[in-house]
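Single-structure report; data block below.
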Amino acid sequence: MSSRSTLQARAIESLRPADEQVCYDTLALNFMGALWAKLATNRLVKRLLIRSLDREVTGTPALVVARTRYIDDLLKAQIEEGVKQIVILGAGYDSRAYRFNRLQQEGVKVFEVDHEYTQRLKVWTVRKALGSFPKNVTYVHIDFGSEKLEVNLPECGYQGNLKTLFIWEGVTTYLTAEAVDRTLAFIAGSSGEGSCVVFDYLFESALDVTSQSREAELLRRQSARVHEPLLFGIKDNTIEGFLSSRGFSVVENVTAKSLKDAYFKGKGQQRKLFPLAAIACARVRRQK
């Protein structure tokens, strides 16, 4: 899904009754814009928006909100375990730095990494919604095609000896394999003991044009329509070997079925999740 569609999925999910919500993003409506937020206060419009989300045939909106919830839960656990830094790669309209007050209260540094143009829009939106910025948040401008994390992040105050959680949500699918490897190499070699990365990924079979999966075909069509081609996937059932060879131990590999079992209760049991994707949470392997 495009970044706008992902944001929209979080916003609509937050309109559901509290007992039906998989995730709740207090700022998603603000990020969508004033007109959209105003329309969403209309009861009929709200019902139509929720219905449109539930009827989306690929199951990607449900996967998006479940992914957000899983990473939110992981972040809460990491705060309890004493994480010192959060790095959000390809931050886009991620709102965790502003939704989780404990990050600021406990002095956890948050680095939002993205293209400068994207971040200008983000800064304008956050300022309008909140009036000011938390002191613990730093925006890191980067052109992933020509600049390097190992240069830009330290220049902005990142410390490679601290325990860090890297959040890489909704990004790897649109990168080359080389770009994915470069990023994982930086994380493995430039973060403190106990550091983790969490990222979602497609199965290679979702990229295969000969695949019989209707969901995969529709996803490829949607991506082509918004000019965001699907570039990267990991072969099904190989995530442990993939990450082990890059300096990580797999803490958890969460499939669509696992997400549905964990988060979709009651009426939510009928919602469909895109089946050819998963979330990996991996810990940096301690150097001997």
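Nothing in this text is a laboratory measurement; each read-out follows from the coordinates by a stated rule. If you're wondering where the values come from, they're calculated on a predicted model, not measured in any experiment. When we count neighbours, we look across all protein chains shown, and the Cβ atoms used for this are built from the backbone with ideal geometry, even at glycine.
Determine the relative contact order of the chain: mean sequence separation of Cα pairs under 8 Å and six or more apart, normalised by residue count, in whole percent.
Details: 468 pairs, mean separation 57.3, N = 288.
Worked out over the chain, it gives 20 percent.
Model label points for GLN21 and GLN269, set 7 angstrom from Cα along the Cα-to-Cβ axis, are 2.4 nm apart.
Each label point was placed 7 Å from the Cα along the Cα-to-Cβ direction; for ASP54 and GLU155 their separation is 5.0 nm. Taking a span of 27 Å or more along the helix axis (Cα atoms) and a mean Kyte-Doolittle hydropathy of at least -1.0 as the rule, the DSSP H helices of the chain that qualify are 60-80. Exceedance of the 24 Å cut-off in Cα-Cα distance is limited, within the set LYS109/LYS260; LYS235/LYS257; LYS38/LYS109; LYS235/LYS272; LYS235/LYS265; LYS38/LYS135, to LYS109/LYS260; LYS38/LYS109; LYS235/LYS265; LYS38/LYS135.
Shape class for region 66-181, computed from the alpha carbon gyration tensor (a ≥ b ≥ c): rounded, with a/c under 1.5. Given the choices (i) 134; (ii) 110; (iii) 126, volume of the Cα convex hull per residue in Å³ derived from the coordinates of this structure is entry (i). Counting beta carbons within 10 Å around each of TRP124, TRP36 and listing the fewest first gives the order TRP124, TRP36. The length gained by stretching the chain between LYS128 and GLU80 to full extension, at 0.36 nm per residue less their Cα-Cα distance, is 14.2 nm.
Can you bin region 171-288 into rounded, prolate or oblate? Criterion: square roots of the alpha carbon gyration tensor eigenvalues sorted a ≥ b ≥ c, rounded for a/c under 1.5, prolate for a/b above b/c, oblate for the rest. In terms of gyration-tensor shape, oblate.
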